[in-house]
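Here is the structure we will look at, set down as structure tokens.
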Protein chains: 2
Amino acid sequence: MASDTYTRILDTAQALIVSRGYNAFSYADISAVVGVGKATIHHHFPGKADLAVAVIARYRQATEDGMGAMAAHEPRADRRLAGYVGFWEQCIRDNNAPFCIAALLAAEMPSLPPEVAAQVKAHFDELIARLTGFIDEGLKNGELTSTEDAERSARILVATVHGAMLAARVAGGDAELYASITQPALKRLTG
Amino acid sequence: MASDTYTRILDTAQALIVSRGYNAFSYADISAVVGVGKATIHHHFPGKADLAVAVIARYRQATEDGMGAMAAHEPRADRRLAGYVGFWEQCIRDNNAPFCIAALLAAEMPSLPPEVAAQVKAHFDELIARLTGFIDEGLKNGELTSTEDAERSARILVATVHGAMLAARVAGGDAELYASITQPALKRLTG
DNA sequence: GGATATCTACCGACTAGTTGGTCGGTCGTC
DNA sequence: GACGACCGACCAACTAGTCGGTAGATATCC
């Protein structure tokens, strides 16, 4: 069972990565926030890469859980996509985790330890696969329309969402700007 | 007149930032590549932030020059947009500077020195303004069509381009993937 | 049931290496 | 002789990571 300290280290690391990326957070930062010795962090996560991998692995799981719940409880494809896009709008609005950790790490890709890079790639693949599934269903039952195939539509949607996150971040966390970019992208699929 | 060393420091810093971001490049890295003492870099650029600002300022100028040239020599709006989108496709394909420096720094925004952050914001504003101009012209003379206004169309295009860069980077520099995401976004405007 | 061994969580103190940055000084040129 | 370009040596602060050790819980053996 995951101890309290273990979880708090993960939480803090995640928050720090979201705001600074992989290269600009340190064990000392986490140590100060959690109120625990640096050595303790090494006890739970031997190296920095291990810590980052654990953070992304948990993030991937949470994403999969969220997507799975949506697949189970929301039958309409258009609402599923709106749920994905809207989730991030809310995150930016609440300023809690206003950026997709994987998108941030994607930018740092060339300087990432290989294990971390592999997790980032895995997240992208899973995310695209999930959304491709949603869109594919929607195209077949007529809830969605697109001139592109499902996978390409998914990739375009994700790219737009990530690009909109960047724009919102540059604008100081502007959720309206994010929405004004992503809503048309959504509407193009939902018709 | 900009000395040779001065320019080579800028070039190297730019390349390093493109591949690693602001936080993960050091004076020592540049020193090793350029073959000049660390103190020399400080002589030309007193602080790290000064260096980064100089890199982005030069990048902004180059962008403005490129956009200005396009405005002067390419009368058709659709070809102007294709020029912008295609420029990055070529960069990814050649693997020379396969990422927009400002998009990368945008991700690191919260951990950037204020002067650097200001430059990033300025680049985004200029880029949007230029593309908005192109699109506005195109909509008026019928070369382009869109259900959105010019500025929003520009923001959507830029977001898609930046998101596609991320996707291509995760996929190990896949220019085809970049193109497969950006081409439909372009076609939506050029009809 | 009491002594003993083991395990996990945790810590202070340390290390070797790196970070951005400073200093005094040397060289060649105008 | 002033000036810009440049350098080696240095600095304090920070980096990830190591080490030996402690406190407390849990299990094991007699």
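The values are calculated or read from the model by the stated rules, or taken from the named source; none is laboratory data. Values in this document were obtained by computation on a predicted structure and should not be read as measured data. Using ideal geometry, Cβ is built from the backbone for each residue, glycine included, and neighbour counts are taken over all protein chains shown. What goes into the accessible areas is simple: the full protein's heavy atoms, side chains included, and nothing from ligands, DNA or RNA. Shrake-Rupley method; radii C 1.70, N 1.55, O 1.52, S 1.80 Å.
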Expressed in nm², what is the orientationally averaged projection area of the convex hull enclosing the Cα positions of the protein assembly as shown? 20.1
Taking only C-alpha pairs under 8 Å that are 6+ residues apart, what is the relative contact order of chain B in percent? 22
Taking the alpha-carbon centre of each part, the distance from the range B:18-77 to the range A:1-77 in Å is 33
Leaving out ligands and nucleic acids, and using a 1.4 Å probe, what accessible area per residue does the range B:111-191 come to in Å²? 38
Over the range A:110-191, consider all pairs of different Cα atoms and compute the Kirkwood hydrodynamic radius from their mean reciprocal separation; express it in Å, one decimal. 14.0
In whole percent, the Cα-Cα distances of chain A spread across 5 Å bins from 0 upward as 1, 8, 15, 18, 18, 16, 11, 7, 4, 2, 1, 0
Aspartates and glutamates whose Cα lies under 15 Å from that of A:Lys140, excluding same-chain neighbours fewer than 8 positions away: A:Asp78, A:Glu148, A:Asp149, A:Glu151
Provide the gained length on full extension for the span B:Thr5 to B:Glu176, in nm with one decimal, where the gain is 0.36 nm per separating residue minus the Cα-Cα distance. 57.9 nm
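Pairs B:Lys48/B:Lys187; B:Lys121/B:Lys187; A:Lys121/B:Lys38; A:Lys121/B:Lys187; A:Lys121/A:Lys187; B:Lys38/B:Lys121: which are spaced more than 31 Å apart, C-alpha to C-alpha?
Details: B:Lys48/B:Lys187 41 Å; B:Lys121/B:Lys187 28 Å; A:Lys121/B:Lys38 36 Å; A:Lys121/B:Lys187 28 Å; A:Lys121/A:Lys187 28 Å; B:Lys38/B:Lys121 29 Å.
With Cα atoms farther than 31 Å apart: B:Lys48/B:Lys187; A:Lys121/B:Lys38.
Can you list the GluC sites (Glu not before Pro) in the range B:103-179 that are in a DSSP coil and have 10 or fewer other beta carbons within 10 angstrom? Mind showing how you got there, number by number?
Details: sites: B:Glu108, B:Glu115, B:Glu126, B:Glu137, B:Glu143, B:Glu148, B:Glu151, B:Glu176; in loops: B:Glu108, B:Glu143, B:Glu148.
Passing both the DSSP loop test and the Cβ count: no residue.
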To the nearest 500 deg cm²/dmol, what mean residue ellipticity at 222 nm is calculated for chain B from DSSP H runs of n ≥ 4 alone, each contributing -39,500 (n - 2.57), summed and divided by the residues? -26000 deg cm²/dmol
How about the range A:3-93: which chymotrypsin sites (Phe, Trp or Tyr not before Pro) there are in a DSSP loop, with at most 15 other Cβ atoms within 10 Å of their Cβ? none
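For the range A:1-89, compute Rh as the Kirkwood radius over C-alpha pairs and then the Stokes-Einstein diffusion coefficient at 10 °C and 1.306 mPa s; write the answer in µm²/s, rounded to an integer.
Numbers: Rh = 14.6 Å.
Using the Kirkwood radius from Cα pairs, D works out to 108 µm²/s.
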Taking chain A as the reference, fit the longest principal axis to its C-alpha atoms, fit the long axis of helix A:114-141 to the helix C-alpha atoms, and give the angle between the two in degrees, 0 to 90, nearest 10. 20
Just reorder B:Leu139, B:Leu81 by solvent-accessible area, largest first, 1.4 Å probe, all chains present. B:Leu139, B:Leu81
From the Cα centre of the range B:102-175 to that of the range A:94-140, the distance in Å is 20
